[in-house]
Every structure is written in structure tokens, then in C-alpha cells.
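Take a look at the structure set out below.
The values are calculated or read from the model by the stated rules, or taken from the named source; none is laboratory data. Note that the structure is predicted; figures quoted are calculated from it, not measured. Here the Cβ positions follow ideal geometry from the backbone for every residue, glycine too, while neighbour counts run over all protein chains shown. To get the accessible areas, we keep the full protein, side chains included, count just its heavy atoms, and leave off ligands, DNA and RNA. Shrake-Rupley method; radii C 1.70, N 1.55, O 1.52, S 1.80 Å.
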Number of protein chains: 2
Amino acid sequence: MSERTVEEYLESIGALEERESPVSTSSIAQVLEVSPASVSEMLRRLLRKGLVEYHPYGGAALTEKGRRRFLELTRRHRLWEVFLNRYLGIGWEDVYQPACSLEHATSDLVAEKLGKFLDNPDVCPHGSPIPKSNLKRPKVPGIPLADLEAGQAGKMVCVVSESNSKFLRYLTSLGLIPGAKVKVLEKASFDGTLTIEVNNSTKAIGREAASLIMVEPV
Amino acid sequence: MSERTVEEYLESIGALEERESPVSTSSIAQVLEVSPASVSEMLRRLLRKGLVEYHPYGGAALTEKGRRRFLELTRRHRLWEVFLNRYLGIGWEDVYQPACSLEHATSDLVAEKLGKFLDNPDVCPHGSPIPKSNLKRPKVPGIPLADLEAGQAGKMVCVVSESNSKFLRYLTSLGLIPGAKVKVLEKASFDGTLTIEVNNSTKAIGREAASLIMVEPV
DNA sequence: CATAAGAATAAGGCTATCCTAAACAATATA
DNA sequence: TATATTGTTTAGGATAGCCTTATTCTTATG
């Protein structure tokens, strides 16, 4: 069983657990772009390896062992994102894919040294928390921008769709990057589209997009 | 066909071509630690892909296309070695393996930015030349230490067995690192064992080992 | 030049991962 | 509650890459 493949399954499951628990076969299939049948098969393998709990028709959940692997992978992924962004000058829109490849090629030693070199940062360029070597799942801070009411303001913390570089480029064009101050001027009653103020200019952003942006209310 | 596997074959063939041309099935099998039969099979696949020339029973040689891929991989490998050594503080004995993994996970963009970040170095921590983006195979400079005569001195340029960390540790203990000045005091007529002077102290080194160390005669 | 030794390939098999199509389970609806 | 819809698993099959064993080719030697 290729280590790489296993890791990709663990990552999907771990990420999906934030929203759905246990995680359904079809969600995993969609994220990994494989057939549901392949996922069923793989879940049985991961079960045998003690990485997930799994009951046919009952979805999957990471075991302690699986979760540990997942967090370590997330840590490596985000450390590489920091490196790519901070030292190689690659934009936050484009660091996800390369980090995805690099994380699977990172030994314990390199992960540790890389962490030290970067001064063990707390967040990746998208603002998402970087798990510590101590294995606790960090919680995604803040609430969705879409949940602010008209008149409320907040500070952007992170974005939770870091793999979508088109989306990130769009956010950049709006000035919506981690740390940015944003105020909701209006919410459309029809579909929730937001009128916001960023950098002293007024912009519009759809409900869908706004629900992927986490802010700290001010 | 996994990209990774293809790349590993190309690398073995490219490296072996320095000493043997065309490259025999069994040499590749030995380097990759797979059976000769598997190599035969793979060579047919690489042939179809236009990456090697290959005639059954006649060995293999990289095509222009194959050579380009090989040089690019070598470049990435050695750039990562420089990074691991210079920025993460990993010793030259230990940079080979991690670089081996990372090189296959490196996109064109990352390779280019990494090169710039490192200031496009000319050599890796083992002293081996780093191919330029312009695709010419760099010549390994110098001659084997084992070829110096008694009384001759030289400056160490590089080592050509960079994957053997035990060997590298041994060289470190002798003070034999790239740039070191070394003088041959005596060569045993029996088996060529050398008595050398490095850093004002006298050491012994076997013929085999000494043939892997390249020096520039002074 | 015949043959033995060594190298390479062919034949046949194994496993991991994926697929499609068909069967089956769970859920929502009438 | 019966049934339609949706989601999941099973069955059967493909391919990549590896293996072992048996055969074939090349080459070196008597």
C-alpha cells in the first residue's frame, strides 16, 4: 500500500471531519476525485491498519493513530507553505499545490529542522493554524464572514479553502487577506450577498465565498 | 506509470552513463535494488515514451529528452541539498536521502525560485556541479585522489558517492571535505592504500575510497 | 568452434489501486 | 407503510510495477 496514497486519504478524512462526522464515502470520493467504490475498498484497508474506524454504510472517522498522522501531515504542509511564501516569494494563491507534494516527501528530521528554521510559526499564509508537534488538533479560529450582521466589523483571520487558487486570487483583488479589517455594510435578503468595506473601498462578495472567510468580530 | 518511478530509472541511467555506456540492465537493477527482469520491462516502457534508446540485450542510453529530464532532476536534487545543508543545518552526510525525496516533489516554479533563493549555486555540499537550467551535462571536475602519485598534492573538489552517509562521515573524520588540501605521502604498492596528509596530520585511506574523491592537482 | 558461464528476456503470478456495473441499504416521500 | 431516490458496497476487470523461474542470447575459453 503506497504511503502516499494512505496519506492522501487520511488528509481528506481529517479535513472533512471538521464539517461532517463520521465522514461519508462519497465526500471522500469527491475530494480525492476517485469513485466511491475505490473509497470503500481503501477504508477497509485503513481499518485493517488501525488508522480509521469504519462500519459499512456508517462512514469513517480517524482513530487516535490516524489523527496523529493527519496532524503531522497538516503541520508539514503548512510549514512548507510558509517557506514557499516567505522565502521563495510564491503568493498565497499558489503555495497550496507545491506544499501538497512536498509534505509527502518530508522526513521527521527535515520537518523538525524546517520548523525551527521558520521559527515554528503559528499560522500558514492562509491564516490557518499550524498544529504543534504535540498532536492536538488546533481549532480554526473566528466565525464566517457570512455570519456577520450588517453594521458589524471584523478582522480577517484565515480562509478555509486554501486549495482554490482562483478563489484566493479573487480575495487578493478584494484586499481580503489575513489581518485585513472588513466591515459588513449590507446583506442582501434575497441570497445573502454582502456589501463590505475593505481598505476604505466598497466591494461585493457572495454568500458562498463569504462563508469560507473566517473573521474575528470587532 | 508513476512519474516517480520513471524519474528514478532516469536518474540511475544518467548517473551510470558516466562510467558505462550503454548502461547494462544489471547495473540499473543493482542501483535500484530491483530484479533485472523488472528493469527489462521498464526499459521497454521508457523506450515507448522516448526517454531511452534501448535494444534488447544491448543496454540503454538516455535520449535527448531523457537527458534533459535527468539533468533537471539532478539540479533539483542538488539545490535541495544546498538548502538542507545551508539553511536547515543538516550535515553533508545526511542531505542525500531527504533531497532524493524532495526532488520528485518539486515543480518547475519551485525549482526556479529555489535556485534564485540559493543564488544559483554551482556545487552541492558534496562538491558536485549543479547543472544549469541550460541543460548541458556538467563535467565532474578533477581526478581521483587515488590517481595522484606519491609526493603530489591536490585540493579536494568533490566526492562522487554522495549517497553513502557512512562513507561521508568517515571522510569528515579524516578532514576530507570539499576544499581541503591533501598531499599523498605514499602509495602502497600492494593494494594502493594511500598515506595522506590533511590538515597537518597523517592519515591512511584505502584505494577504493580514494578513487571516489576528486581532487585538483596542485 | 564448441560450449560453459554470465547476462538478459519471457512467461506467469502477485498486490495495490483504480474503474464500471450491478446489487443492496438507508432515507425520504407519497 | 410502500416505494422512489440516493448512497454504499460487491463483483469483476484493468494496469503498473514488482517478483521468481525458465529460457535465450552473448561472450569468453578450452
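Sum -39500 (n - 2.57) across every DSSP H segment of at least 4 residues in chain A, then divide by the residue count to get the 222 nm mean residue ellipticity, nearest 500. All intermediate terms of the calculation are to be shown ahead of the outcome.
On the way: 8 runs with 90 residues, N = 218.
That comes out to -12500 deg cm²/dmol.
With +1 on each Lys and Arg Cβ and -1 on each Asp and Glu Cβ, and nothing else charged, work out how big the dipole of segment B:143-217 is about its Cα centre, in Debye to the nearest 20. Before the final figure, lay out the partial values.
Details: 8 positive and 8 negative charges, 49 e Å.
Result for segment B:143-217 is approximately 240 debye, rounded to the nearest 20.
Under a GNM of chain B (C-alpha, springs under 10 Å), which listed residue has the highest mean-square fluctuation: B:F83, B:F167, B:F190? Highest fluctuation of the listed residues: B:F190. A label point on A:R169, set 7 Å along the Cα-to-Cβ line, lies at 4.9 nm from each of its counterparts in the other copies, closest listed first.
How big is the protein assembly as shown by the Kirkwood estimate over distinct Cα pairs, in Å? The partial results should precede the final answer.
Details: mean 1/r = 0.0398 Å⁻¹.
After inverting the mean inverse Cα-Cα distance, the result is 25.2 Å.
Computed with a 1.4 angstrom probe on protein heavy atoms, the B-A interface buries about 1400 square angstrom of accessible area in total.
Each label point was placed 7 Å from the Cα along the Cα-to-Cβ direction; for A:V140 and B:S165 their separation is 3.7 nm.
Relative to the dominant Cα principal axis of chain A, helix A:64-86 is inclined by about 50°.
Starting from the Cα coordinates of segment B:99-171, work out the convex hull volume and express it per residue in Å³. Walk me through the intermediate numbers first.
Numbers: hull volume 8.6 nm³, N = 73.
For segment B:99-171, the hull spanned by Cα atoms encloses 118 Å³ per residue.
Evaluate segment A:3-62: find the radius of gyration of its Cα atoms, find its Kirkwood radius, and give the ratio Rg to Rh. Result: Rg/Rh = 0.90.
With every protein chain kept in place and ligands, DNA and RNA left out, what is the accessible area per residue of the protein assembly as shown? Probe 1.4 Å, answer in Å².
Details: 21610 Å² over 436 residues.
Dividing the accessible area of the protein assembly as shown by its residue count gives 50 Å².
Bridging of A:K187 to lysines at a Cα separation below 20 Å is possible for A:K155, A:K203, once same-chain residues fewer than 8 apart are set aside. Across chain A, Cα-Cα pairs more than 29 Å apart make up 33 percent of the total. Note on B:R4 and B:C100: the model spin-label points, each 7 Å out from Cα along the C-beta direction, lie 1.3 nm apart.
Comparing A:D94, A:D119, A:D147 in a Gaussian network model of chain A where C-alpha atoms under 10 Å apart are linked, the largest mean-square fluctuation is found at A:D119. Model label points for A:S107 and B:S40, set 7 angstrom from Cα along the Cα-to-Cβ axis, are 3.5 nm apart.
Copy B relates to copy A by a rotation, and the B residue whose beta-carbon is nearest that axis, with the distance in whole angstrom, is B:A105, 2. If you run the Gaussian network model on chain A, springs between alpha carbon atoms under 10 Å, then out of A:V159, A:V31, A:V140 the most flexible one is A:V31. Summing charges over all other residues whose Cβ lies under 11 Å from the Cβ of A:P141, with Lys and Arg as +1 and Asp and Glu as -1, gives 0. When the convex hull of its Cα atoms is viewed from all sides, segment A:143-217 shows a mean projected area of 4.1 nm². Each other copy places its own label point for B:G151 at 9.8 nm from this one, sorted shortest first, where the point lies 7 Å along the Cα-to-beta carbon line. The slack in the chain from B:R86 to B:N200, taken as 0.36 nm per residue of separation less the alpha-carbon distance, amounts to 38.3 nm. Magnitude of the charge dipole for the protein assembly as shown, about its Cα centre and with charges confined to Cβ atoms of Lys, Arg (+1) and Asp, Glu (-1), is about 260 debye. For the residue pairs B:K65/B:K116; A:K113/B:K136; A:K139/B:K113; A:K113/B:K113, the C-alpha atoms sit more than 29 angstrom apart in A:K113/B:K136; A:K139/B:K113.
When N is the residue count of segment B:90-218, what does its C-alpha Rg come to as a fraction of 2.2 N^0.38 Å?
On the way: Rg = 16.4 Å, N = 129, 2.2 N^0.38 = 13.9 Å.
For segment B:90-218, the normalised Cα radius of gyration is 1.17.
Here is how far apart the A:N199 label points are across copies: 5.5 nm, shortest first, using a point 7 Å from Cα toward Cβ. Among the GluC sites (Glu not before Pro) in segment B:101-178, those located in a DSSP loop and surrounded by at most 11 other Cβ atoms within 10 Å of their own Cβ are B:E149.
Leaving out ligands, DNA and RNA, and with a 1.4 Å probe, what % of the accessible surface on segment B:92-201 is carbon or sulfur?
Working: 2730 of 5360 Å².
The nonpolar share, carbon plus sulfur, comes to 51 percent.
Taking the C-alpha atoms only, the angle from helix A:108-117 to the longest principal axis of chain A is near 20 degrees. In terms of Cα atoms, the Rg and Dmax of segment A:68-143 work out to 11.5, 35 Å.
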